[in-house]
Amino acid sequence: MAKVLYITAHPHDESVSYSMAAGKAFIESYKEANPSDEVVHIDLYKENIPHIDADVFAGWGKLQSGSGFDTLSAEEQAKVGRLNELSEQFISGDKYVFVSPLWNFSFPPVLKAYIDSVAVAGKTFKYTEQGPVGLLTDKKALHIQARGGYYSEGPAAELEAGHRYLSTIASFFGIPSLEGLFVEGHNAEPAKAEQIKADAIERAKALGKTF
Ligand SMILES: Cc1cc2nc3c(=O)[nH]c(=O)nc-3n(C[C@H](O)[C@H](O)[C@H](O)COP(=O)(O)O)c2cc1C
């Protein structure tokens, strides 16, 4: 039985969002094909995802100097404690499904805050004499992303920095590969939008059966 973390970074649901529509098609198909797996939805727009700020640095500093957790201020305890919860939950997953829209060539900032919360030495990677080494070598990951223009190929391909960054961080964590499922071109060619969406939903359903 695998534990799947379904991590969505979108303020809307599938009625508005192409990413979320493809994500929903994928995860429903996955659940049908893997009824005994556990799927945990982490809705980054609803969850408390602390930013790494002055409280967090102060809290970490106290812990590193040997002070107990109870010496942290209430704010420091809340933020450091929550970051710890998020990283523990992340490493408890076997498969990761990220859903995000392409915004200004990247993903919404809450996803970066989430990545910052799980990029923890000793949990997702470790330092060695040869440099950092990823620890999540037995995991699988998928990124579902809608983008109004075309980025899979063509002149804008080099500009896409959302899936690219997620691939970099997945690789840094040791995850063997980050698959991509893209819904693209519907803003560039509005007349084809419905077809582009329907095609992506079909691909998402098919991938849900095999992922
Ligand atoms: C804030 C914002 C920024 C966007 N930036 C880009 C962009 O850089 N490139 C692009 O092709 N489309 C861009 N778009 C269009 C979206 O990628 C497109 O609408 C896509 O469908 C968004 O995913 P969604 O349908 O899940 O919301 C942007 C849309 C918004 C709202």
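The values are calculated or read from the model by the stated rules, or taken from the named source; none is laboratory data. Bear in mind that the values here come from a model prediction, so they are computed numbers and not experimental data. No Cβ is skipped: glycine too gets one built from the backbone with ideal geometry, and neighbour counts run over all protein chains shown. The area values use the complete protein model at the heavy-atom level, side chains included, leaving out ligands, DNA and RNA. Shrake-Rupley method; radii C 1.70, N 1.55, O 1.52, S 1.80 Å.
Here are the numbers for this structure:
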read-out	value
Fraction of antiparallel bridges per DSSP, segment 6-158 only, in percent to nearest 5	25 percent
Stokes-Einstein D for segment 1-74, Kirkwood Rh over Cα pairs, 37 °C, 0.692 mPa s (µm²/s)	213 µm²/s
Coordinate range along principal axes, alpha carbons of segment 57-109, Å, largest first	41, 29, 17
Compactness relative to 2.2 N^0.38 Å, alpha carbon Rg of segment 98-211	1.20
GluC sites (Glu not before Pro) within segment 68-172: DSSP coil, no more than 10 neighbouring Cβ in 10 Å	E129, E153
10 °C / 1.306 mPa s Stokes-Einstein diffusion coefficient of segment 130-169, Kirkwood radius on C-alpha pairs, µm²/s	127 µm²/s
Estimated inter-spin distance, H41 and E129, nm [label 7 Å along Cα→Cβ]	5.0 nm
Portion, in percent, of the accessible area of segment 110-211 that falls on carbon or sulfur, probe 1.4 Å	55 percent
Mean accessible surface per residue for segment 80-211, computed with a 1.4 Å probe while every protein chain stays in place, in Å²	48 Å²
The chain: angle of helix 109-118 to the longest principal axis, Cα-based, in degrees nearest 10	50 degrees
Residues whose placed amide H lies under 5 Å from that of G180, excluding near-sequence neighbours	H143
Cα-based convex hull volume of segment 27-124 per residue, rounded to whole Å³	132 Å³
Residues with amide H under 5 Å from that of H41, placed H, sequence gap 5 or more	Y6
Computed [θ] at 222 nm, helices only, for the chain once each DSSP H run of length n ≥ 4 contributes -39500 (n - 2.57)	-13000 deg cm²/dmol
The chain: angle of helix 54-64 to the longest principal axis, Cα-based, in degrees nearest 10	50 degrees
Between 0 and 90°, nearest 10: helix 193-210 axis offset from the chain longest Cα axis	60 degrees
Gap separating the Cα centres of segment 122-137 and segment 48-108, nearest whole Å	19 Å
Residues S92 and E202, FRET efficiency given R0 of 22 Å [Cβ-Cβ distance, rounded to 0.05]	0.10
Segment 170-182 - phi-based ³J(HN,Hα) in whole Hz, Karplus 6.51/-1.76/1.60, Gly and Pro as x	4, 5, 4, 7, x, 5, x, 7, 10, 6, x, 10, 10
Reachable lysines, given that their alpha-carbon falls under 28 Å from the alpha-carbon of K31 and they are not under 8 places away in the same chain	K3, K46, K95, K112, K123, K139, K140, K197, K205, K209
Estimated translational D of the chain in µm²/s (Stokes, Kirkwood radius over Cα pairs; 10 °C; 1.306 mPa s)	87 µm²/s
